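The values are calculated or read from the model by the stated rules, or taken from the named source; none is laboratory data. All values reported here derive from a predicted model rather than from experimental measurement. Positions of Cβ are generated from backbone atoms using ideal geometry, with glycine treated the same way; all protein chains shown enter the neighbour counts.
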Amino acid sequence: MWKKMKQDIQAVFDRDPAARSTLEVILTYSGLHAVWFHRVAHALYKRRLFFLARCLSQISRFLTGIEIHPGARIGRGLFIDHGMGVVIGETCEIGDYVTLFQGVTLGGTGKEKGKRHPTIEDNVLIASGAKVLGSFTIGKNSKIGAGSVVLREVPPNSTVVGIPGRVVAQDGHRVASDLDQVNLPDPLADKLRQMQEEINELKQELNQWRKGIEKDVHKDL
């Protein structure tokens, strides 16, 4: 437990340039507090003390704004940055050194039983407001863009953006920084740009066609 707590603290320093001192991280990082609350709640949950575990998780939710079901399994070095509104479901499994930003939901899609929440493998980054819904796997070293809604499995080393989420980069396409949420491809914007260009071309053709008709009318007169 103490070893994991040290790893959690180090994860903050590794991924947040604003972190200045160990004392500051311990006292002021709500994401870190939520992870530590969860580690205790999960230990109670594994001992079948479900009521106590849920009570502790709700206290954590009240204090941090982050809701983690005590049944969720979380690896080492989870970093929840500005974590208000983060929700992690009961059967969710999170690997080592995963990064979550505010508003992320790792949830289910209905009332199904059994494994109904996603599995997040090591070194995954899920950006602000992204929703990962369903029982599938997000592969190692993948990145989920801000505001994306992911409903199907993501291969390792992939970048996903959009609603629904689409893989737009994989193996060999590097994002400049692990914390870069801006410089991601946007297939929807590209498609809209292409449609606008086609509309402009159609307008030009229509105008030429109208001018041709007007010339013919003038000749007939």
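Checked against the criterion of being in contact with a strand residue (DSSP E or B) (Cβ under 8 Å, 6 or more places away or on another chain) and in a helix (DSSP H, G or I), the candidates Val40, Val12 yield just one match: Val12. If the condition is being under 14 Å from Gly77 (Cα atoms) and in contact (Cβ under 8 Å) with a residue 24 or more places away in the chain, then the stretch 15-36 contributes Arg15, Asp16, Gly31, Leu32, His33, Ala34, Val35, Trp36.
For Gln194, the criteria (1) modelled with pLDDT of 85 or more; (2) part of a loop (DSSP other than H, G, I, E, B) hold in every case but one, which is (2).
Evaluating Leu56 against the criteria (1) within 22 Å of His117 (Cα to Cα); (2) part of a loop (DSSP other than H, G, I, E, B) leaves one unmet condition, (2).
One residue alone among Ala34, Ala18, Ala11, Ala72 is under 22 Å from the mean Cα position of the chain (by Cα) and more than 25 Å from Thr119 (Cβ to Cβ), and that residue is Ala18.
In this structure, Phe62 does not qualify as crowded, with 19+ Cβ neighbours inside 10 Å and either assigned to a helix (DSSP H, G or I) or without any contact (Cβ under 8 Å) to a residue 60 or more places away in the chain (or both). Could you identify the single residue in Asn200, Asn207 that is outside the structural domain of Leu100 (by TED's automatic domain parsing) and modelled with pLDDT of 90 or more? Unique residue meeting the criteria: Asn200.
Quick check, is Arg15 surrounded by 14 or more Cβ atoms within 10 Å (Cβ to Cβ) and of a type in the set (Lys, Arg)? Steps first, answer last, please.
On the way: surrounded by 14 or more Cβ atoms within 10 Å (Cβ to Cβ): yes; of a type in the set (Lys, Arg): yes.
For Arg15, the condition - surrounded by 14 or more Cβ atoms within 10 Å (Cβ to Cβ) and of a type in the set (Lys, Arg) - is met.
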